[in-house]
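**Q** Sharing a structure here in structure tokens format.
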Amino acid sequence: MSVRCLQMKLSREGQTFSQIVKNIRKELAKAYLAEKDFSIDDITTRLGFSDPSVFHRAFKSWTGLTPGQYRNTFQ
């Protein structure tokens, strides 16, 4: 599928590729933090963030909590 074709199909669904990636990252981050099998640095790398501080800011904007605060809700 060409890039343009994908853009058109997503547009018809009211989505963009970046929105989909953001939502997947958010849900995976929540799952990884709930499991406690990975450090926050590991999660940062797994989700493709360039730096833990970038991940912290993104996660806080998604949930209103830092990754550490979110993880502590599962203790």
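The values are calculated or read from the model by the stated rules, or taken from the named source; none is laboratory data. Predicted model only: the values in this text are computed from it and were never measured. Backbone-built Cβ (ideal geometry, glycine too); neighbour counts: all protein chains shown. When the accessible area is computed, the model is the full protein with side chains, heavy atoms only, and any ligands, DNA or RNA have been set aside. Shrake-Rupley method; radii C 1.70, N 1.55, O 1.52, S 1.80 Å.
**Q** Give me a comma-separated list of calculated 3J(HN,Hα) values for region 51-60, in order, Karplus coefficients 6.51, -1.76, 1.60 applied at θ = phi - 60°, integers in Hz, x for any Gly or Pro.
**A** Once θ is set to phi - 60°, the couplings for region 51-60 become 7, x, 5, 5, 4, 4, 4, 5, 5, 5 Hz.
**Q** For the chain, what is the accessible area per residue in Å², given a 1.4 Å probe and the full set of protein chains?
**A** Per-residue accessible area for the chain comes out at 69 Å².
**Q** What are the ³J(HN,Hα) values, in whole Hz, obtained from phi via the Karplus relation 6.51 cos²θ - 1.76 cosθ + 1.60 with θ = phi - 60°, for each residue of region 20-33 in sequence order, with x given for Gly and Pro?
**A** These are the phi-based 3J(HN,Hα) values: 5, 4, 4, 5, 5, 4, 4, 5, 5, 4, 4, 5, 4, 5 Hz.
**Q** To the nearest 0.05, how large is the calculated FRET efficiency for W62 and M1 if R₀ is 30 Å and r is the Cβ-Cβ distance?
**A** The formula returns an efficiency of 0.60 here.
**Q** Would you mind telling me the share, in percent, of accessible area of region 21-75 contributed by carbon and sulfur at probe 1.4 angstrom?
**A** 50 percent
**Q** Just to be sure I understand: with springs between alpha-carbon atoms less than 10 Å apart, which residue in F59, F38, F17 has the highest mean-square fluctuation in the Gaussian network model of the chain?
**A** For the chain, modelled as a Gaussian network with Cα springs under 10 Å, the answer is F17.
**Q** Take T16 and E35, extend 7 Å from each Cα along the Cα→Cβ direction, and tell me the distance between the two endpoints in nm.
**A** Placing both labels 7 Å beyond Cα along the Cβ direction yields 3.0 nm.
**Q** I would also like to ask the following. Remind me, what semi-axes does the chain give for its equivalent ellipsoid, largest first in whole Å, using sqrt of 5 times each Cα gyration tensor eigenvalue?
**A** Equivalent-ellipsoid dimensions as semi-axes: 28, 12, 11 Å.
**Q** At T73 and V54, where each label point lies 7 Å from the Cα along Cα→Cβ, what is the point-to-point distance in nanometres?
**A** 2.5 nm
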